[in-house]
Structure formats: structure tokens, C-alpha cells
Amino acid sequence: MSSVSTAVMWFRRDLRMADNPALVEAARADRVVALFVDDAHLREPSGANRRWFLAGCLAELHDRTGGALVVRRDEPERAVRDVAREVGAEVVCCADDAGPYGTRRDDAVRAALREDDVDLQTVGTPYAVSPGTLRTKGGTPFKVFTPFSRAWRAHGWDEPVDAPRGVRWVEGVRSDGLPEAPAVTADLPTPGEAAGRRRLAAFLDGDVRRYADDRDRPGADGTSRLSPYLKWGCVHPRQALARLGRGAGPETFATELAWRDFYADVLLHEPQSARQGLDERMAGMELDTGPEADARLAAWCEGRTGVPIVDAGMRQLVGAGWVHNRVRMIVASYLVKDLHIDWTRGARFFMEHLVDGDLASNQHGWQWVAGTGTDAAPYFRVFNPVAQSERFDPDGTYIRRWVPELADVPGKAIHDPTRLDGDLFAATAPDYPRPIVDHAMERDEALRRWRAATGRA
Ligand SMILES: Cc1cc2nc3c(=O)[nH]c(=O)nc-3n(C[C@H](O)[C@H](O)[C@H](O)COP(=O)(O)OP(=O)(O)OC[C@H]3O[C@@H](n4cnc5c(N)ncnc54)[C@H](O)[C@@H]3O)c2cc1C
């Protein structure tokens, strides 16, 4: 591409300068236009937390390009074609996007550019191993995680590349201006590449050593908190993998990054899994709907179910735009198996609040819990939220942090305040609700419905 005079670098979910192969490719041109398309199809379904984080990432990118970032608020095929025309670009570079919407959008943009003889060149993806790369020995896509993760490690990944130096950004191209950060109430992490790299460095220098032990303890803050930075490409997984080192902590952490790649691969091959269960046998499950189910869903959303670990998780979701992985599983299981509500309703509420909300990881995380997805936990394994709480938050640190009305509940009763006699419950946690359902009864009910739907004993 050495003869190219002008290239457009189209930033999407790769909002960084370092280790950005598409940017390296674009920077071979004499002049580079930095472009972001503020696309209503992606903006409108995003909650305020993700739009706030994105606005911060773009503001940083604008600074890093010396104020040359062009933002267009338009249909992508028109926006990209117009900018390419206006600057006389010969090529548009971007990272590939294998999601269902991204694929359709890029096909449309490619076709629009072709009319002007401009190439859409995709270089790299937001994943360590790009979706669609790995296949079973029989040549089919993987449906089970463990063999996928083995193939993933055997395949390996590229070394990170440095940020290109001396890029000549084109200035003065018309821009609709940076998107405004919406008002948010959640306490969100600092957006952008610099903050992401600080987070990564702090994790690799510290918590990663204890990760294998601490990652399941929501009170310990033992995970990387990198998910929003990975979601927006402020950090690429390669940058973590290249510096991981050896030992149980690093090995376990790499496996979690493999889950991210696995779910992106599943979404590529089964795009309908974003909206519906992959396991068709589960489609006939009887679900609760109507006013009573809506009231229970509202109690779940507000963190007022009367089950402390569930309420703590839902309040963390709303208060921090992020939830610890173990607790995501607990609250999701409670919605599906204790309240018998369709997983897609819970997934939607998650997507509204999560700052790391990601179609592949969220929908498949939900399907894993609901037993409807690829490599799902068997449906008959129903989480007991109180037992989970006793095991993973033994001294109730996490619950006390997010449910302050329970701060004075003594000892093990923090996991289930109904263990206190009625007067003591009323005296120590007067504002905390009684459980809205009985777990043992709802567990039996969930299994009855599952047997009826699948015909299994
Ligand atoms: C119901 C449900 C919904 C979820 N929704 C999302 C979502 O919208 N976006 C999202 O990024 N993750 C989602 N996850 C996965 C996981 O909970 C988060 O990635 C993790 O909690 C983020 O925190 P962390 O960065 O500290 O994770 P760490 O434990 O430090 O893990 C490092 C990275 O590995 C990846 N990862 C870890 N666990 C998983 C997993 N189970 N599936 C896919 N990737 C994983 C993430 O990119 C994460 O940042 C969901 C899980 C469940 C059970």
C-alpha cells in the first residue's frame, strides 16, 4: 500500500493507537483520516453507561489524533463513502467485525465504496483468535468450550504491534462533533486507552497472581475489571496475553479470555443465538408472563427480591454498570429458574446497564445459565442462591457493600435474614423485604417445567 496517498482509518470497537493492525496499515499512506461513525443502529440500543464510556474513549482518541477525529452521525454506508470521496481516499481500513449487524453493515459499506473504486480493507479483529478461525477435526465449528480452548491455545496469537509514529492526520474534514456524554448515575471506570493500559498493568503486576483463588469471590475485587476496555478495544486481548507469564493465575486468566473468543465464534456461526435459544428443545418451556411476573421482574431489577446476594448483584449492576462474573451467574439463574422469566428479558436489562455490555458474551452468558445455549450447564443444575452466597461471599463483605440495610445483620444470617427470628429481622433490617418466592418450591417447579418441555425424566 506504499503508493496510497490518502487512507481512511475507520475506528469502531478498536479505540486505541497501540497494537492496532488496521491503523498500522492505514498509516502506510501519506495522509490518514481518522473516522468514527455515530451509527443510530448501535447507539439507540446502548444504555447511557456504554454511551458515556464511548464518549470518553472518543474524546481521548480526538486528543491523540491532534484533534483530527472526524465524527459523522449518519448511515455508515453513506458516511464512510462521503468521507472517502471528500478526501479522495483510495482505501478505508478497519478491524473486521463478525457480529450479525457488523457483517451486514460492512457488506453495505464495501458495496458503496466499490462504486468509487475504493477498497474496504479489514485487518485484524477484536479477538486473540479471530472468529471463524478454529474448527474441530471434523471441520465443523466448535460447540463445546473445552476443546475450543485447547485449539485456541494451540493456535496462539500474534505479538502486539506498536502504535505507528508520525502519522499525518488529515485536518479540516467536516465533523459532526464528538458525541455528548449522557448523564449517568452509575459510578463508572475512567474511559480510554490510557486508563485501560493502567488497569492492565496494575492487574498484571498484582492481582493476576491470586486470580485463580480470588476470581470467584465477589467481595475480593480479584478480577481484572478489563471488560469495558476490551469491549471498546481500548485494550486488545493480545496485549494481556503477551505479558501474562506462567502459573495458575495467568493460566486461568487466559482461559477467561478464551471464553470471550469462544462466544464470538459461536455468534459468527449461529447469529440467531443473539435473540433466541440455541437448544430448540427448550423453546417449549413454560414461562411466567403477565402482571405478577412483571412485578417479580421489577423486584429483580431493583434489587428487592429478599435474597441478599441477588439484590447485591442487581444493585451493583445499576450502581456500577458492572457485576462480578459469579454474581452475574447467580442473578441470571434466579431470574430464569426461581422466577421462571424468559432469559431474554434479563439479558435486555443487563445490556441496558452494563458498561461492558457485549452481544456475544452477554447473550451466551445468559444462555449458558438458562441451559438453552452451546455448552450450557445442564438445566437440572439449579443454583441455590443462598448456598452460592455462603460459598463465595462467606463473610458477606460483598452483600454488606451493596445492600446497606443488611449491614448490621450478624454472622451467617447475612445470606438469608429469614434465619433470624421475626423480631430480630424486623429490628436489624426493618427496610429489607422478605423473599418474594421460596427457592425450594421454585426449584421443583423449574424442574417440572423442564421435564414437561424436554420429555426427560
Ligand atoms: C449472564 C452473564 C452475562 C454476561 N455479560 C457479559 C457482557 O455483556 N460483556 C462481557 O464482557 N462479559 C459478560 N459476561 C462475562 C463475565 O461476567 C465478564 O466478562 C466479567 O465479569 C468481566 O469482569 P472482568 O473484566 O473483571 O473479568 P476477568 O475475570 O478479569 O476476565 C478477563 C476477561 O475475560 C473475559 N471473560 C471472562 N469471563 C467471561 C465469560 N464467562 N464469557 C465471556 N468472556 C469472559 C472478559 O473479556 C473479561 O474482561 C457475562 C456473564 C454472564 C454469566
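Mind listing whichever residues of the range 323-335 are of a type outside the set (S, T, N, Q) and either without any contact (Cβ under 8 Å) to a residue 60 or more places away in the chain or near the ligand (Cβ under 7 Å from one of its atoms) (or both)?
Scanning the range 323-335 gives V323, H324, R328, M329, I330, V331, A332, Y334, L335.
Looking only at residues in the range 87-100 that are over 25 Å from P160 (Cα atoms) and modelled with pLDDT of 95 or more, which one is most open to solvent (accessible area, probe 1.4 Å)?
Only one residue fits best here, namely E90.
Can we say G396 is on the phi > 0 side of the Ramachandran plot and either at pLDDT 95 or above or crowded, with 21+ Cβ neighbours inside 10 Å (or both)?
yes
Listed residues A84, A89, A112; which is farther than 18 Å from S5 by Cα and not assigned by TED's automatic domain parsing to the domain that holds L354?
That would be A112, the only listed residue that is farther than 18 Å from S5 by Cα and not assigned by TED's automatic domain parsing to the domain that holds L354.
Given L339, L354, which one is within 13 Å of the ligand (Cβ to nearest atom), touching a residue at least 12 places away in the same chain (Cβ under 8 Å) and either open to solvent by less than 10 Å² (accessible area, probe 1.4 Å) or touching a Phe, Trp or Tyr at 6+ places or on another chain (Cβ under 6 Å) (or both)?
Step by step, each of L339, L354 is checked, and only L354 is within 13 Å of the ligand (Cβ to nearest atom), touching a residue at least 12 places away in the same chain (Cβ under 8 Å) and either open to solvent by less than 10 Å² (accessible area, probe 1.4 Å) or touching a Phe, Trp or Tyr at 6+ places or on another chain (Cβ under 6 Å) (or both).
List the helices (runs of 4 or more DSSP H) inside the range 1-73, counting only whole elements, that have at least 1 residues being in contact with a Pro (Cβ under 6 Å, 6 or more places away or on another chain).
21-26, 48-64
Would you pick out the residues in the range 134-155 that are in contact (Cβ under 8 Å) with a residue 24 or more places away in the chain and assigned to a loop (DSSP other than H, G, I, E, B)?
Of everything in the range 134-155, those that are in contact (Cβ under 8 Å) with a residue 24 or more places away in the chain and assigned to a loop (DSSP other than H, G, I, E, B) turn out to be L134, P141, F142, K143, V144.
Among (1) under 18 Å from the mean Cα position of the chain (by Cα); (2) within 11 Å of the ligand (Cβ to nearest atom); (3) open to solvent by 20 Å² or more (accessible area, probe 1.4 Å); (4) not small (G, A, S), there is one condition D214 misses while meeting the rest; what is its number?
With (1) under 18 Å from the mean Cα position of the chain (by Cα); (2) within 11 Å of the ligand (Cβ to nearest atom); (3) open to solvent by 20 Å² or more (accessible area, probe 1.4 Å); (4) not small (G, A, S) applied to D214, the lone miss is (1).
Mind telling me which of the residues R174, R199 ends up being basic (K, R), within 21 Å of the chain's Cα centre (by Cα) and not assigned by TED's automatic domain parsing to the domain that holds V92?
After ruling out the rest, the residue left standing is R199.
When you scan the range 182-211, how many residues do you find that are among the small types (G, A, S), open to solvent by 40 Å² or more (accessible area, probe 1.4 Å) and either modelled with pLDDT under 95 or part of a helix (DSSP H, G or I) (or both)?
So the answer is 1.
Go through the range 342-351 and report how many residues are open to solvent by 10 Å² or more (accessible area, probe 1.4 Å) and within 9 Å of the ligand (Cβ to nearest atom).
Qualifying residue count for the region: 2.
Quick check on the range 281-300. Is at least one of its residues of a type outside the set (V, I, T) and near the ligand (Cβ under 10 Å from one of its atoms)?
The answer is no, given that none of the residues of the range 281-300 is of a type outside the set (V, I, T) and near the ligand (Cβ under 10 Å from one of its atoms).
Among the residues of the range 357-392, how many are touching a Phe, Trp or Tyr at 6+ places or on another chain (Cβ under 7 Å), among the hydroxyl-bearing types (S, T, Y) and in a helix (DSSP H, G or I)?
1
How many residues are part of a loop (DSSP other than H, G, I, E, B) and either assigned by TED's automatic domain parsing to the domain that holds R13 or of a type in the set (D, E, K, R) (or both) if we restrict to the range 212-233?
Summing the residues that are part of a loop (DSSP other than H, G, I, E, B) and either assigned by TED's automatic domain parsing to the domain that holds R13 or of a type in the set (D, E, K, R) (or both) in the range 212-233 gives 5.
Would you call G192 in contact (Cβ under 8 Å) with a residue 12 or more places away in the chain, closer than 19 Å to P250 by Cβ and either more than 14 Å from the ligand (Cβ to nearest atom) or in contact with an Asp or Glu (Cβ under 9 Å, 6 or more places away or on another chain) (or both)?
No: the conditions fail for G192.
Identify the residue in the range 74-133 that is part of a strand (DSSP E or B) and not hydrophobic (A, V, I, L, M, F, W, C) and, among all such residues, is nearest to L244 (Cα to Cα).
Out of the qualifying residues, it is T122.
For the range 53-68, which positions are closer than 16 Å to R13 by Cβ and either small (G, A, S) or open to solvent by 60 Å² or more (accessible area, probe 1.4 Å) (or both)?
A55, G56 - these are the residues of the range 53-68 that are closer than 16 Å to R13 by Cβ and either small (G, A, S) or open to solvent by 60 Å² or more (accessible area, probe 1.4 Å) (or both).
Which condition breaks for E251 when tested against (1) open to solvent by 50 Å² or more (accessible area, probe 1.4 Å); (2) within 10 Å of the ligand (Cβ to nearest atom)?
(2)
Checking the condition basic (K, R) and open to solvent by 60 Å² or more (accessible area, probe 1.4 Å), which residue from R105, R110 passes?
None of the other options fit; the residue is R110.
Can you find a residue in the range 157-171 that is open to solvent by less than 70 Å² (accessible area, probe 1.4 Å) and within 20 Å of the chain's Cα centre (by Cα)?
Looking for residues that are open to solvent by less than 70 Å² (accessible area, probe 1.4 Å) and within 20 Å of the chain's Cα centre (by Cα), one finds none in the range 157-171, hence no.
The values are calculated or read from the model by the stated rules, or taken from the named source; none is laboratory data. All values derive from a computational prediction rather than experimental measurement. Glycine gets a Cβ as well: all are built from the backbone with ideal geometry, and neighbour counts include every protein chain shown. Surface areas here come from the heavy atoms of the whole protein model, side chains and all, with no ligands, DNA or RNA. Shrake-Rupley method; radii C 1.70, N 1.55, O 1.52, S 1.80 Å.
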